[in-house]
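> Provided herewith is a single structure, encoded as structure tokens, for subsequent inquiry.
The values are calculated or read from the model by the stated rules, or taken from the named source; none is laboratory data. For clarity, every value in this text was computed on a predicted model and none was experimentally measured. Positions of Cβ are generated from backbone atoms using ideal geometry, with glycine treated the same way; all protein chains shown enter the neighbour counts. Accessible surface areas use protein heavy atoms only, side chains included; no ligands, DNA or RNA. Shrake-Rupley method; radii C 1.70, N 1.55, O 1.52, S 1.80 Å.
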Amino acid sequence: MDPLKLPRQEFADALGKISSRLGLAEVPEIEKTRRYGYFSARFHKYKIDPTRLRDAVEELSNAGFQYISGLSAEGLYVNAGLNARRLGELVFEAVAKMGRRYGFTEECRLGSFLVEHTSANPIHPLHIGHGRNAILGDSLARLLRFCDNRVEVHFYVDDCGVQVMYATIGYNAVRDEAREWIERAKPDLVVGHIYSATNAVAEIGRLKKEVERAQDDEHKRSLIGEIDEWVAVLKRLMESEGDLVAKVVERLGQRDVAGEAVELNRRYEVGDPEAKRAVREVVDLVLRGQRETLARLGIEIDKWDYESELAVWSGEASRIVEELQRKWPQYVEHKGGAVVFRADKFVEDFKLWDVLDLPKFIPPVTLTRSDGTTLYVTRDVAYALWQARQGFDKVVRVISTEQTHEQAHVRIILYALGFEDAAKKIVHYAYEMVNLPGMKMSARRGRYISLDEILDEAAERSASLVKEKSPEIAGVIAEKVGVGSVRYAFLSTSPRKPIEFRWEVVLNLRQNSGTFLQYTYVRAYSILEKAPDVERASVPERMLEEEKELLVKIAEWPSVVREAVRALRPDYVAEYLDGLALLFNSYYEKAPVLKAEEGVREFRIALVNAVKTVLEAGFYILGIPTLTKM
RNA sequence: GGGCCCGUGGCUCAGCCUGGUAGAGCGGCGGCCUUCGGAGCCGUAGGUCGUGGGUUCAAAUCCCACCGGGCCCGCCA
């Protein structure tokens, strides 16, 4: 139910009559205006005389409108306000009927969705970059579910590739110690450190060999420069995780880690049982930790899709390579055993830019290594195909903009293989990076701030503000405030903009924050806690300006939800809730509810209840925990 | 060099899709705790919407060029 539907309809009818009186072939669109009421329409493009427009409007203005008021012509504009009293009745009726579902309208039911998000490599903890992905993806899923769409959330476990092998080799080298550490710390943190150290050792080893083979001095110098960088990485890791890193260096320093990883990767891909056992042990340890972090944020995953199973052991990735070679030999090149698909030429020849919504520049894509093992993009095509076959209308993949080209490759290859529908139902939901001031995060270099760290810090800062006496409850509240502030911080910025990570923004506990919203909810809640139940509130003849504004704001909620779900933009909801909270807090200071005279009191209670209802729905969508005291 | 995205008060950002009086927050300054919870509220200062052109009765919004920033252009994921 949308309280603005009838008023909008009434205004549209009036416009229709005006247009026909003027002999126009069409009716202008309705716009929102703040200057002259609420609805507005322009007649500029019909080149009519303003006097005629005014006359036509005047003929109508006595027609006895129910929901709109003050229909008038202003130059070539036709404006009308809302009948606040009638709107109030519509709002109360909708809130009473819909309850927590208020905001839902039929138009926001769009179909069924497979939403894939987070999909972090299972070799380190989730960091703040994954945080943006997870929170965006989760809110997208919540928004779609609020709108009664079938949604299934998937996490793609990238358990293939050389990086995973580094983590496995490192873990096995320090296995006994690692198990002890894991008893005291989260497994993903421990493995993450082992991985970064192992990766550094492997890079140093690989680069040293290259130096020996290097011919000219300049090349040598640049290689040595790279070695220095990795040595610096190791040193820094040593500062924070000394024992663990030292052990990794001690046990692996003399081994050919890079070579071993390539070999282990090959064995894993062919399904060697020993390789499987070793890799899965590490991967599942990390996933346990990642899942714990996600749970803290209120994020649940429905299905965990293992890359190895769906793409490699199933033979799907290989089939894709073979099929592509069979079907389009003229677009396939072989480079020292590696298979390359000329996606650039393919797109050019078949003019696919518009069909698949592609960027103008597409590079060629390598599908296999020379040792025959698959590459990420190839496995991803196999996975995308699998996703497309799960019976959903759309597959929304939340993946950072870095992967624009790779995601374009996925669609192009699916298209080339004849899976045109699959290619079209895959949506790359791109979001921008989270950057640390002055640097890019890098898990390989152990350069990141983990999500757990942020959540801990957020909880700690809010704990100092909690007024609750019992420390136990204070801890619970603080955690929820922390989660709310972190989620809001990531959701309130458009996904298209890079975020410069700043503690004081993420942990902002004041206005334009999750905390501000939670606090507003607590205020509304505690009024209602003390208030009698109101069955049916009538809307008074005279209202405060703030009350009219609040009613309009609340009435707009269904259209905000509609816009947000249509554009897949949870941030619209965040912005709306902030505006609602600002309005409500002003109102709160100005108008006593419980102490108001009879009649007005019931109206105000119902109004506060409507605000609370919208906040609850909005909190559900944004995943902000609801608190009744803080 | 090419592709995609971004550029709005001192700072962080919304508004751009679908053109119609420039909006929040932070920070600054000045106020409000015997009133339903002050993690709040009120007031105030602060903007040629990166620059130049074009389309239009009308441009932050659409088009073109340029400038500045981010990301990508791997037998990494």
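> Please report, in debye to the nearest 20, how large the charge dipole of chain A is about its Cα centre when each Lys and Arg carries +1 at its beta carbon and each Asp and Glu carries -1 there.
Working: 90 positive and 98 negative charges, 206 e Å.
Dipole about the Cα centre, nearest 20: 980 debye.
> Shifting gears a bit: Please state the shape class of segment A:162-289: rounded when a/c is under 1.5, otherwise prolate if a/b exceeds b/c and oblate if not, all from the C-alpha gyration tensor.
Details: a/c = 2.70, a/b = 1.42, b/c = 1.90.
Since a/c reaches 1.5 but b/c is at least a/b, the shape of segment A:162-289 is classed as oblate.
> Okay, next question. Dipole magnitude of segment A:453-622 about its Cα centre, charges +1 at Lys/Arg Cβ and -1 at Asp/Glu Cβ only, in debye to the nearest 20?
Working: 23 positive and 27 negative charges, 43 e Å.
Using Cβ point charges on Lys, Arg, Asp and Glu, segment A:453-622 gives about 200 debye.
> Could you tell me the calculated FRET efficiency between residue A:435 and residue A:231, based on Cβ-Cβ distance and R0 = 22 angstrom, to the nearest 0.05? Before the final figure, lay out each step's value.
Details: r = 25 Å, r/R0 = 1.12.
Working from the Cβ atoms, E equals 0.35.
> Have a look at the DSSP beta bridges in chain A and tell me what percent are antiparallel, nearest 5. It would help to have the intermediate numbers written out before the result.
Working: 21 of 43 bridges.
So the antiparallel bridges in chain A amount to around 50 percent.
> Next up: Starting from the residue with the highest accessible area, list A:117, A:219, A:130 in decreasing order, probe 1.4 Å.
Values: A:117 0, A:219 80, A:130 30 Å².
Sorted descending by solvent-accessible area, the residues read A:219, A:130, A:117.
> Can you grab the distance from the C-alpha centre of segment A:382-413 to the C-alpha centre of segment A:475-516, Å, no decimals?
29 Å
> Can you give the calculated 222 nm mean residue ellipticity of chain A, where each DSSP H run of n ≥ 4 adds -39,500 (n - 2.57) and the sum is split over every residue, rounded to the nearest 500 deg cm²/dmol?
Values: 24 runs with 361 residues, N = 630.
Calculated mean residue ellipticity at 222 nm is -19000 deg cm²/dmol.
> Just name one of A:544, A:599, A:588: the one whose Cα is farthest towards the positive end of the charge dipole of segment A:453-622 (beta-carbon charges, Lys/Arg +1, Asp/Glu -1).
Farthest along the dipole direction, towards plus: A:544.
> Right, something else. Report the gain in length on full extension from residue A:504 to residue A:48: 0.36 nm times residue separation, minus Cα-Cα distance, nm rounded to one decimal.
On the way: separation 456, 0.36 × 456 = 164.16 nm, distance 5.53 nm.
Roughly 158.6 nm would be gained on extension.
> If the cut-off is a Cα-Cα distance under 17 Å, which lysines reach residue A:469, setting aside same-chain residues fewer than 8 apart in sequence?
A:480, A:629
> A further question follows. Work out the FRET efficiency for residue A:497 and residue A:355 from their Cβ-Cβ distance, taking R0 = 30 Å, and round it to the nearest 0.05. Intermediate values should be presented prior to the final figure.
Values: r = 28 Å, r/R0 = 0.95.
With a Förster radius of 30 Å, E is 0.60.
> Using the Kirkwood radius over Cα pairs, work out the Stokes-Einstein diffusion coefficient for segment A:360-478 at 37 °C and 0.692 mPa s, in µm²/s as a whole number.
Details: Rh = 18.1 Å.
It comes out at roughly 181 µm²/s.
> Charges at C-beta only: +1 for Lys and Arg, -1 for Asp and Glu. How large is the resulting dipole of segment A:162-289 about its Cα centre, in Debye rounded to 20? Can you show the working numbers first?
Working: 21 positive and 26 negative charges, 63 e Å.
That gives a dipole near 300 debye.
> Let me ask you something else. At 1.4 Å probe size, put A:449, A:18, A:473 in order of accessible surface, largest to smallest. Show your work: numbers first, answer last.
Details: A:449 25, A:18 0, A:473 80 Å².
Per-residue accessible area, sorted high to low, gives A:473, A:449, A:18.
> To continue, here is another question. Near residue A:220, which lysines are there with a Cα under 29 Å away, not counting those fewer than 8 places off in the same chain?
Residue A:220 reaches A:208, A:209, A:235, A:335, A:440.
> To continue, here is another question. Label segment A:453-622 by shape, choosing from rounded, prolate and oblate, from the square roots a ≥ b ≥ c of the eigenvalues of the Cα gyration tensor; if a/c is under 1.5 it is rounded, and otherwise prolate applies when a/b is larger than b/c, oblate when it is not. Intermediate results must be reported in sequence, preceding the final value.
Values: a/c = 2.52, a/b = 1.40, b/c = 1.81.
In terms of gyration-tensor shape, oblate.
> Which of A:314, A:508, A:290 sits closest to the plus end of the dipole of chain A, meaning its Cα is farthest towards the positive end, when Lys and Arg get +1 and Asp and Glu get -1 on the C-beta?
A:508
> No other cysteine beta carbon under 4.7 Å away is the test; run it over chain A and list who passes.
Lacking a cysteine Cβ partner under 4.7 Å: A:160.
> In chain A, if the dipole is taken from +1 on Lys/Arg beta carbons and -1 on Asp/Glu beta carbons about the Cα centre, which of A:422, A:242, A:278 is farthest to the positive end?
My answer, from the dipole projection, is A:422.
> Still on this structure: Per-residue accessible area for residue A:106 at 1.4 Å probe radius, Å² rounded to 10?
Here the residue's solvent-accessible area equals roughly 110 Å².
> Taking the simple approach of a point 7 Å from Cα along Cα-to-Cβ for both residue A:112 and residue A:590, what is their distance in nm?
Label at residue A:112, label at residue A:590, 4.9 nm between them.
> I've got another one for you. Consider all pairwise Cα distances in chain A and report the whole-number % of them above 33 Å. Don't skip to the answer; put the middle values down first.
Details: 113371 of 198135 pairs.
Looking at chain A, the distances longer than 33 Å represent 57 percent of pairs.
> Specify whether the C-alpha gyration tensor of segment A:14-103 places it in the rounded, prolate or oblate class, a ≥ b ≥ c being the square roots of the eigenvalues: rounded for a/c under 1.5, otherwise prolate if a/b is larger than b/c and oblate if not. List each step's numbers first, then the result.
Numbers: a/c = 2.53, a/b = 2.21, b/c = 1.15.
Here segment A:14-103 falls in the prolate category.
> Could you tell me how far the Cα centroid of segment A:248-264 sits from the Cα centroid of segment A:14-92, in Å?
Going from one Cα centre to the other spans 76 Å.
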